[in-house]
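Step one of this worksheet: look at the structure below.
The values are calculated or read from the model by the stated rules, or taken from the named source; none is laboratory data. Worth saying up front: this structure is predicted, and the values here are computed from it rather than measured. Quick reminder, even Gly has a Cβ in these numbers, built from the backbone with ideal geometry, and neighbours come from all protein chains shown. Side chains are part of the model used for accessible areas, which takes the heavy atoms of the whole protein and leaves out ligands, DNA and RNA. Shrake-Rupley method; radii C 1.70, N 1.55, O 1.52, S 1.80 Å.
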Amino acid sequence: MDRLDAMKVFVLAVDEGSLAAAGRKLGRSPAAVSRAIAFLEQRVGAELLHRTTRSIKLSEEGERYAAICRRVLMELEEADVIAAGPRAAPRGLLTITAPVVSGEIVLRPILDAFLDVYPTVSAKLLLFDRAVNLVEEGFDIALRIGPLADSAMMALRVGEVRRVVVAAPRYLKQHPRIQEPGDLAKHQTVVMAHLPNSWTFAPQAGSSVPRTVQLTPRLVVNSTSAAVASAVAGRGVVRMYSYQVAEQVARGELEIVLSGDEDPEMPAHLICPQGRLSAPKVRAFTDFAVPRLKKQFALLKKRIGAR
């Protein structure tokens, strides 16, 4: 059996979550998919997948091997691109990841337009509110909000975002004024479940010590859209990235407070692993997306107003 083909089957089975789904994608029977994975397991001398009748789960050895397989397959694709030269047409599957809200609001419409222009390219867009390892998880491109920690990535800056504190105008009318961050301790707040029950603000003038406010949340949710909707409904104060509430601020449904106490703006980038930018599908997407992302982030920045 061809080892590279078996690696492709293995990675697809992991991505699809079952042998049957991988088989449907490849036009092969589940038994053929199972044989390919068994071939790899025999070669490496370890069980790669824990199988049940309905699902599969990577073993500890399987997690490490899947990351290696992704790197090998990515490097082979890059080798094909180099051999084909600059005239190679964009084609194949483009894999992209982004934070949930920026992916839905900003990136997804641009990706739709890109697919209309490049019919030989297909795409997978997966949205996570966590740091994604592009190489190990097999992504070509990511949209990242905030400072970049990984210097091994190619980065293209596409905009800036703020972290803002907002509340509904009617909530603000019915509660004490919020003049400085410490006032928030006396207010109802809506917070995200994965974040601490405290908000940290830039230091006061003449100080280098950030200001941290401990909160007693009135509502804890694990969905950005739910938090924003609750704030619009007057349930309390919420802290979000500016693009997450730009439309609500522009419509007057939410009002920014403490604008003078905000942290500096954070950058937004498209990033990709070193070498991936030479792939025609990746280069075509970045050339297409970067100017449109810059325009969209600038528009959202305008809608939310000046600091």
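Residue under question is ALA149, and the condition is that it be in a strand (DSSP E or B) and either of a type outside the set (Phe, Trp, Tyr) or modelled with pLDDT under 95 (or both); does it hold?
Working: in a strand (DSSP E or B): no; either of a type outside the set (Phe, Trp, Tyr) or modelled with pLDDT under 95 (or both): yes.
It is false that ALA149 is in a strand (DSSP E or B) and either of a type outside the set (Phe, Trp, Tyr) or modelled with pLDDT under 95 (or both).
Taken over segment 273-296, residues that are more than 21 Å from LEU134 (Cβ to Cβ) and of a type in the set (A, V, I, L, M, F, W, C) amount to 0. Only residues that are of a type in the set (Gly, Ala, Ser) and either closer than 23 Å to ASP129 by Cβ or touching a residue at least 60 places away in the same chain (Cβ under 8 Å) (or both) were counted in segment 183-228, giving 7.
Of the residues ASP116, ASP129, the single one that is open to solvent by 60 Å² or more (accessible area, probe 1.4 Å), over 30 Å from GLU253 (Cα atoms) and not in a strand (DSSP E or B) is ASP116.
Residue check, ARG239 against (1) at pLDDT 95 or above; (2) assigned to a strand (DSSP E or B); (3) more than 23 Å from the chain's Cα centre (by Cα), all met but one. Which one? That leaves (3) as the condition not met.
Residues are listed down the side, and each one gets a yes or a no for (1) of a type in the set (Phe, Trp, Tyr); (2) surrounded by fewer than 18 Cβ atoms within 10 Å (Cβ to Cβ):
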site	(1), (2)
LYS173	no, yes
PRO176	no, yes
GLN179	no, yes
ALA193	no, yes
PRO196	no, yes
TRP199	yes, no
THR212	no, yes
ASN222	no, yes
GLY236	no, no
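For LEU48, the requirement of being of a type outside the set (Phe, Trp, Tyr) and open to solvent by less than 30 Å² (accessible area, probe 1.4 Å) is met.
Just so you know, in segment 248-299 the residues that are under 18 Å from the mean Cα position of the chain (by Cα) and among the aliphatic types (A, V, I, L, M) include one that is surrounded by the most Cβ atoms within 10 Å (Cβ to Cβ), and it is VAL282.
Of the residues making up segment 34-48, those that are assigned to a loop (DSSP other than H, G, I, E, B) and closer than 15 Å to VAL11 by Cα are GLU47, LEU48.
For residues that are at pLDDT 70 or above and open to solvent by 80 Å² or more (accessible area, probe 1.4 Å), scanning just segment 73-92, find the one that is nearest to GLU137 (Cα to Cα). Result: GLU75.
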